[in-house]
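Right, I'll just put the structure down here and ask away after.
The values are calculated or read from the model by the stated rules, or taken from the named source; none is laboratory data. None of these values were measured; they are calculated from a predicted model. Using ideal geometry, Cβ is built from the backbone for each residue, glycine included, and neighbour counts are taken over all protein chains shown.
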Amino acid sequence: MKIEDFAYMVETMKSFDEAVVSVLKAVDKKGWVLFQIYDVKERLAAKGFDQKPLKIIEICSGKYANQFLNKNRLISLCMPCKINILEENGKVKIVGMKPTMISQFFQEVSPEEAEEVEKEVKEMVDNAR
């Protein structure tokens, strides 16, 4: 398995902070709900560890969450969707986990259903670029 199998990644010319704001705007524009933002660098710094900037943004579409949970409540292990912003080798990247992975673990979810969610996640990542 390759990273491209489960992650959709783009580089942006925006600063790290600009990319975070851009993702939040793209999520809002798409009508998804923001659950939580984790500042991994900050949390690890509090424990004495040094990390490059990394924020994990948890998002959810009520429509898709309800649809998938009605099929199998264990799909909640893959929820909520995440879009990460990270800095690597001096470049800012926006990365979304591909929801099509869900259909590989849970046969109740068709590839077509998972692709519909993935399309929206990719659009948010692309629009934040």
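Please verify whether the stretch 79-99 includes one or more residues that are free of Cβ contacts under 8 Å to residues at least 24 places away in the same chain, touching a Leu at 6+ places or on another chain (Cβ under 7 Å) and over 21 Å from residue 2 (Cα atoms).
Taking every residue of the stretch 79-99 in turn, none turns out to be free of Cβ contacts under 8 Å to residues at least 24 places away in the same chain, touching a Leu at 6+ places or on another chain (Cβ under 7 Å) and over 21 Å from residue 2 (Cα atoms).
Evaluate the following for residue 24: is it assigned to a helix (DSSP H, G or I), loosely packed, with under 14 Cβ neighbours inside 10 Å, at pLDDT 95 or above and of a type in the set (A, V, I, L, M)?
Details: assigned to a helix (DSSP H, G or I): yes; loosely packed, with under 14 Cβ neighbours inside 10 Å: no; at pLDDT 95 or above: yes; of a type in the set (A, V, I, L, M): yes.
For residue 24, the condition - assigned to a helix (DSSP H, G or I), loosely packed, with under 14 Cβ neighbours inside 10 Å, at pLDDT 95 or above and of a type in the set (A, V, I, L, M) - is not met.
Next up: Tell me the residue from 61, 15 that is at pLDDT 95 or above, out of contact with any Gly (no Cβ under 6 Å at 6 or more places or on another chain), closer than 23 Å to residue 92 by Cα and polar (S, T, N, Q), please.
On the way: 61 fails: closer than 23 Å to residue 92 by Cα.
Every option except 15 fails the conditions.
I would also like to ask the following. Hey, among the residues in the stretch 48-101 that are within 10 Å of the chain's Cα centre (by Cα) and basic (Lys, Arg), which one's farthest from residue 122 (Cα to Cα)?
Ranking the candidates gives 82 first.
Let me ask something else about it. Filter the stretch 85-119 down to the residues that are of a type outside the set (A, V, I, L, M, F, W, C) and buried (at least 21 other Cβ atoms within 10 Å of the Cβ), then identify the one that is nearest to residue 22 (Cα to Cα). Walk me through how you get there before you give the answer.
We begin by selecting, within the stretch 85-119, every residue of a type outside the set (A, V, I, L, M, F, W, C); these are 87-91, 93, 96, 98-100, 103-104, 107-108, 110-113, 115-116, 118-119.
Within this subset, residues satisfying the condition of being buried (at least 21 other Cβ atoms within 10 Å of the Cβ) are 96, 99-100, 118.
On the way: 96: 14, 99: 21, 100: 24, 118: 19 Å.
Among those that are of a type outside the set (A, V, I, L, M, F, W, C) and buried (at least 21 other Cβ atoms within 10 Å of the Cβ), it is 96.
Looking at (1) among the aliphatic types (A, V, I, L, M); (2) assigned to a helix (DSSP H, G or I); (3) out of contact with any Lys or Arg (no Cβ under 7 Å at 6 or more places or on another chain), which is the only condition residue 124 fails?
(3)
Would you check if there is a residue in the stretch 36-47 being under 15 Å from the mean Cα position of the chain (by Cα), assigned to a helix (DSSP H, G or I) and within 19 Å of residue 128 (Cβ to Cβ)? Write out each step before concluding.
To start, the set of residues in the stretch 36-47 that are under 15 Å from the mean Cα position of the chain (by Cα) comprises 36-40.
In the following step, the residues that additionally are assigned to a helix (DSSP H, G or I) were identified as 40.
Filter once more, so that each one left must be within 19 Å of residue 128 (Cβ to Cβ): 40.
Among the residues of the stretch 36-47, at least one is under 15 Å from the mean Cα position of the chain (by Cα), assigned to a helix (DSSP H, G or I) and within 19 Å of residue 128 (Cβ to Cβ), which makes the answer yes.
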